[in-house]
Each structure stands twice: as structure tokens, then as C-alpha cells.
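K.L.:
Okay, here's the structure, questions in a sec.
The values are calculated or read from the model by the stated rules, or taken from the named source; none is laboratory data. This is a predicted model, so every value here is computed, not measured. Every residue, glycine as well, gets a Cβ built from its backbone with ideal geometry; the counts of neighbours run over all protein chains shown. Just the protein is used for accessible areas: all its heavy atoms, side chains included, with ligands, DNA and RNA removed. Shrake-Rupley method; radii C 1.70, N 1.55, O 1.52, S 1.80 Å.
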Amino acid sequence: MNIACDFGSAAHCGTGANEAQVVLVFQGGGALGAYQAGVYQALHEAGIEPDWIIGTSIGAINGALIAGNAPHRRMAALEAFWQRMTRSEPWPAWTMWPPASALDYWRTLAAGIAGFFEPHPPAFWGAHMPLGADSAGYYSTMPLRRTLDQLIDFKQLNRNAPRLTVGAAQVRSSRMHYFDTREMQLDARHVMASGALPPAFPAVRIDGELYWDGGILSNTPTEAIFDDPQRQSSLVFAVHLWNPMGREPSTIWEVMHRQKDIQYSSRVASHIARQTEAHRLRHVIEELAGHIPEALRATEPVRRLLEFGCPTRMHIVRLLAPRLANDDHTKDVDFSMHGVRSRWRAGYDDARNAIAQAPWRNAGDPLEGVILHEADGDGRYRTDAAVAGAGVTQPSSVGAVGHAV
């Protein structure tokens, strides 16, 4: 089921191919990535499979689990991965004192997560301990390497169906680099590089260069869609884990939480607003071309100018993970059973709501190339190209909000 074909022009800039695509964009966010798994489950049950997945960090891992398995095996792979990530809870989920989240946080820092990362003892001997460029991290991610090799069929992944793009930061140049199955063969190293968040995890070396987590440069890699030289009409499910909107913090604990949300939300609203304006100009150029005499359009100078036009349309459905009760700056390492299950369920419910309303079926202004769809506090979707610059509306939370952030 390719629901992207139900809207607007499906012209493919530069090639003329008459086909649209479904794209998943996954942010990084550690344990918050369970929300993405829930989103995919709802899409999968509705028969909506992605043509392209773009992810950083945990988003790259979830994306690789989907792209690296045949459709009928994808949910089993996601479930197996998140089962391995989930910690057993020695206390009830409702426990408030002692603070269960704080105890679980320190437990994770001390022992790691089986199947993901484990302590690297020499790193704890001192910040100046020579560890080597390939091992400079507080934890080893070799358990993750084994997990990925067991759950991902890299032959399947490299068939480029769906296409997978994972973002990583090149350590020496500080440039964002996208590893893309359309351009090259990917293996576990590329996925791990996208999630190598310093100083916790060591950089990953690929073709002589070291790479860190792409989230330190761009945790919301939506730009990869607009920068694609083979731009194509798309229905984009942008799955965001960090809320760019929040209240003023009044304690140091709340400051740390708000700072982390701001840092990793990666200026979502401003990025989409800028792309909205740029793509509108492409549509304007395309419209103007129809008013230029054919003989003049055929001249080289005019032809080159008209190449900046593009008729493609990008419908972006923004799904934002809700705040759970008592969320704080440790939420991205909340691998508790309660945390993982709650976020998975929230992603599932939010995606089902989006599918039921299908806001992308609204035609909108023909001059608008980027149309943003987001739910209000009651879960009702609004469609407005201009809404991209207005920030993010917080969806209904799962449970009460424990901190004023």
C-alpha cells in the first residue's frame, strides 16, 4: 500500500519518474527510540511500508532493523531488539520513593545494558588515560555489534528496498556524513557509527576515518530528503523524540532536562520552515516556466535557471513522543520495562491516529511544496504549510507530567 501516491504531483526532479515514496525519519534518543518501534508497528499493520528510512543513533538502529529484514520479519526483529534492551524492574513501576528512575539510571551507568554496551574499565582510571582513538569511550559497544549481526540480514539491507540512510559525524572534519545503501554497501559499523555518542561510546572507524553519533551535528536528518539530487514527492513520517517546546526550568535538575531537549530536538521547527520556503520557491519557478515562450525556454541560459524549479510535494507528518510521568534528563537511558512499553504504546497510538485521519489527503495550496501536518493537544491534525515556523504542539502525555519542563 503506497499511500503517498494519493496526493499531488509525483514528478521526480531530473528524471521524470512518475512515482512517490513513503519516508521514515527517525531521531536519535536512546531508550526513547521505543516510540519509533511503536510508530512502525502501526504503519506495518496498516500495510504502509517505507521506501526510504533516514535515521541517526537509535533511529539508525531501528531503521536498520526494519530495512535489514523482509517485511514479515521486521516486527519480530524490533521486538527482539527491544526485549534485549529492556531492564527487569526490582520495584513496581509506580514506586516514587526511593526514586525508581534515578536508581535505574545509576544501575545502567554502572553495569551497562546487555546486548548494547558494557563498561570499559580502563576509561574509569582517569580522563587522561591513553585508550587509543578507536577505544576512547567509557563503554564498549561490542555487545551491540553482536546484537546487530544476529538481528539484521545485511544482504537484505543492501538490496536498497527500502533505502536506508544513516547519519554520522566525521571526527576530524566535524562534518555530517550520510551512509546510504543507494550509494554503497552498509554493515554493522555504519549503524554503530551513527550511534557512537561521545564520551560514552568510542568512535567507529570506517575507511580510515573515525565517526561519532550523527546527533551531535543533526539529530533530525530531514535535510537528507530535500538535499537528495533525485528529489521525489514524498509522504514523510518525521518521528521526533525530543520536544523543542517546554516550560521555564526552576531547578538545576529541570535545567538539565530542558537543555537536553533543546540540544537534541535540533531546531526542528526552523529547519522545516526554511525547507518550506525553499520548496515554495521551487514551485514558483515551475509555475513561472509555463508563462515563458517555448522558444525562450529552450535557450541554454533560461533552461539552466528553470532547473531550479521542482514540482514535487513533501507532506510531513510530525509525530512527537509524549512526556511520561516523572521524565527528566535521564529519560534517554530509561530502559525500564515500564518506560519501553509506555513509549512503544504511545508511538503505536499516535501513528494509528495519524493513519485514521490521513491529513496528507488534503490538497492544499498548489504553490506549497512542503505541507506540515501535526496534531493538536486533542489529537486532531491540522494542515498548514505556514505552521512549520510556529513550533510544536505537545500531544497528550502518557501519565502526569512530573517536572515543569
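K.L.:
Going by the conditions given, is PHE81 under 24 Å from ASP213 (Cβ atoms), open to solvent by 50 Å² or more (accessible area, probe 1.4 Å) and either assigned to a helix (DSSP H, G or I) or at pLDDT 95 or above (or both)?
P.N.:
no
K.L.:
Still on this structure, I have one more. Within segment 344-363, can one find any residue that is at pLDDT below 75 and farther than 19 Å from ALA34 by Cβ?
P.N.:
yes
K.L.:
Let me ask you something else. Just to verify a result, which residue in segment 258-311, among those that are more than 31 Å from the chain's Cα centre (by Cα) and of a type in the set (D, E, K, R), is farthest from THR222 (Cα to Cα)?
P.N.:
The selected residue is GLU294.
K.L.:
Which residue is surrounded by the fewest Cβ atoms within 10 Å (Cβ to Cβ), if the candidates are limited to segment 219-259 and must be touching a Leu at 6+ places or on another chain (Cβ under 7 Å) and in a loop (DSSP other than H, G, I, E, B)?
P.N.:
ASN243
K.L.:
Take residues that are open to solvent by 50 Å² or more (accessible area, probe 1.4 Å) and within 15 Å of ALA60 (Cβ to Cβ) and tell me which of the helices (runs of 4 or more DSSP H) falling wholly in segment 121-218 contain 1 or more.
P.N.:
Helices (runs of 4 or more DSSP H) meeting the threshold: 142-151, 188-194.
K.L.:
Something else about it: List every residue pair whose Cβ atoms sit under 6 Å apart, with the two residues 6 or more apart in sequence or on different chains, where the first one lies in segment 96-111 and is under 13 Å from HIS338 (Cβ atoms) and surrounded by 12 or more Cβ atoms within 10 Å (Cβ to Cβ) and the second, anywhere, is at pLDDT 85 or above and of a type in the set (Gly, Ala, Ser).
P.N.:
ASP104/SER336
K.L.:
When segment 260-294 is examined, which residues are found to be touching a helix residue (DSSP H, G or I) at 6+ places or on another chain (Cβ under 8 Å), open to solvent by less than 30 Å² (accessible area, probe 1.4 Å), among the small types (Gly, Ala, Ser) and not in a loop (DSSP other than H, G, I, E, B)?
P.N.:
Hits for segment 260-294 are ALA269, ALA289.
K.L.:
Would you confirm, using the coordinates I've provided, whether ALA37 is of a type in the set (A, V, I, L, M), surrounded by 14 or more Cβ atoms within 10 Å (Cβ to Cβ) and modelled with pLDDT of 95 or more?
P.N.:
yes
K.L.:
Of all residues in segment 367-405, count the ones that are in contact with a Ser or Thr (Cβ under 9 Å, 6 or more places away or on another chain) and at pLDDT 50 or above.
P.N.:
Count: 14.
K.L.:
Any chance segment 295-316 includes a residue that's within 24 Å of ASP349 (Cα to Cα), open to solvent by 30 Å² or more (accessible area, probe 1.4 Å), of a type in the set (Gly, Ala, Ser) and out of contact with any strand residue (DSSP E or B) (no Cβ under 8 Å at 6 or more places or on another chain)?
P.N.:
No - not one qualifying residue is present in segment 295-316.
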